[in-house]
Every structure is written in C-alpha cells, then in structure tokens.
Amino acid sequence: MGHIHEKIDFTVAPVIIHPDKDKVLLVHHPRYKKWLCIGGHIELDENPDQALMREIEEECGLEVKVLSDKPDVKCETSEILWRPRFVDIHDANSPHRHIGMVYFCLAKTENFILSDEHEEMRWFTLIELEALGDKAPKHVLYYCRVALDEVKND
C-alpha cells in the first residue's frame, strides 16, 4: 500500500528471531538498497496487531509468536494491543516519514517464503549482522542485537 498521509504514516516492523534463537531475518529492500526488517504501513482499516500479522504473512509467510505482553482483558469500547518493543520515527522518501512500531517475534519454523517485494531474504547471526556495516541502518542493527540478546537471556 502507498502512503496514507503526505507527511507521516504509521508502520509495523517485526524483528523475527530464528527458532534456534541465534539469528534474525532481514530482507534486502529494492528501493533503499539496504538490509531491513520486513514490515510496512498500517492500513486505514486495521489496527497495529492486524498490520503486523498481515505484513509477516505477506512478506515471509512465517508463523510467529509475538514476544509482547497482551493481557486477556475484554472491554466493549477498547482492545489491548501488543506493546511494541521500540517506537521510532525515520525518513522514508524525505520529507515523508514513518512512525515505526518495532516488535520482537519468535519464528516457529525457519522456512520463510521470499515475496516479490524484496530481492533477497536471509537469516543473520550476530557476527553477520556486525559485518553488514552501512549495508543496514544503525537502528535496525541495534534492534536486532537487542532482540538476540533478550531471547538468549530468556
């Protein structure tokens, strides 16, 4: 989906962790020519949880467990959503920007499906992440390091 607003859109970005908890999934984005987490815009008819699951299904086809608290509290006028691990704002075709909600997810299998949205997709170990240098944005590398560290210590 294209931009919803001319200045800022809301997006979701799952950091998907390999079932062995030693790698993260990144895609090589054709427009930005960088390694990024999968993800995309929250559409007007969906909430962040729905967008997160839709983007995961569309872009890699993995079944995941979202690593976030979500109490089972029912209310007629409200729904509790998964809490993002990080929220950022970043340029996306300046001056357009994205408010990105970053979630940590654990894949149930390692067998992803490469969508036609990306050139390449692969699992990266921590050593391979560090070797990417400027081939991935610093904030993406940071999120991946934190995710791997947190699941290792879980």
Checked segment 108-126 for anything modelled with pLDDT of 95 or more, closer than 18 Å to M53 by Cβ and either of a type in the set (D, E, K, R) or touching a His at 6+ places or on another chain (Cβ under 6 Å) (or both); matches are K108
Can you tell me which of (1) surrounded by 18 or more Cβ atoms within 10 Å (Cβ to Cβ); (2) over 21 Å from D9 (Cα atoms); (3) touching a residue at least 40 places away in the same chain (Cβ under 8 Å) is the one C37 doesn't meet? (2)
At least 1 residues that are closer than 21 Å to R145 by Cα, among the charged types (D, E, K, R) and over 13 Å from the mean Cα position of the chain (by Cα) in each: list the strands (runs of 3 or more DSSP E) lying fully within segment 1-60 that qualify. 34-36
Yes or no: V87 without any contact (Cβ under 8 Å) to a residue 24 or more places away in the chain, part of a loop (DSSP other than H, G, I, E, B) and among the hydrophobic types (A, V, I, L, M, F, W, C)? no
In this structure, does P95 turn out to be assigned to a loop (DSSP other than H, G, I, E, B), over 21 Å from E120 (Cβ atoms), in contact (Cβ under 8 Å) with a residue 24 or more places away in the chain and under 13 Å from the mean Cα position of the chain (by Cα)? no
Specify which of the listed residues (H90, H3) is at pLDDT below 95, surrounded by fewer than 20 Cβ atoms within 10 Å (Cβ to Cβ) and in contact with a Pro (Cβ under 9 Å, 6 or more places away or on another chain). H90
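The values are calculated or read from the model by the stated rules, or taken from the named source; none is laboratory data. Just so you know, these numbers come straight off a predicted model, no measurement behind them. Note that each Cβ is placed from the backbone with ideal geometry, even for glycine, and that neighbours are counted across all protein chains shown.
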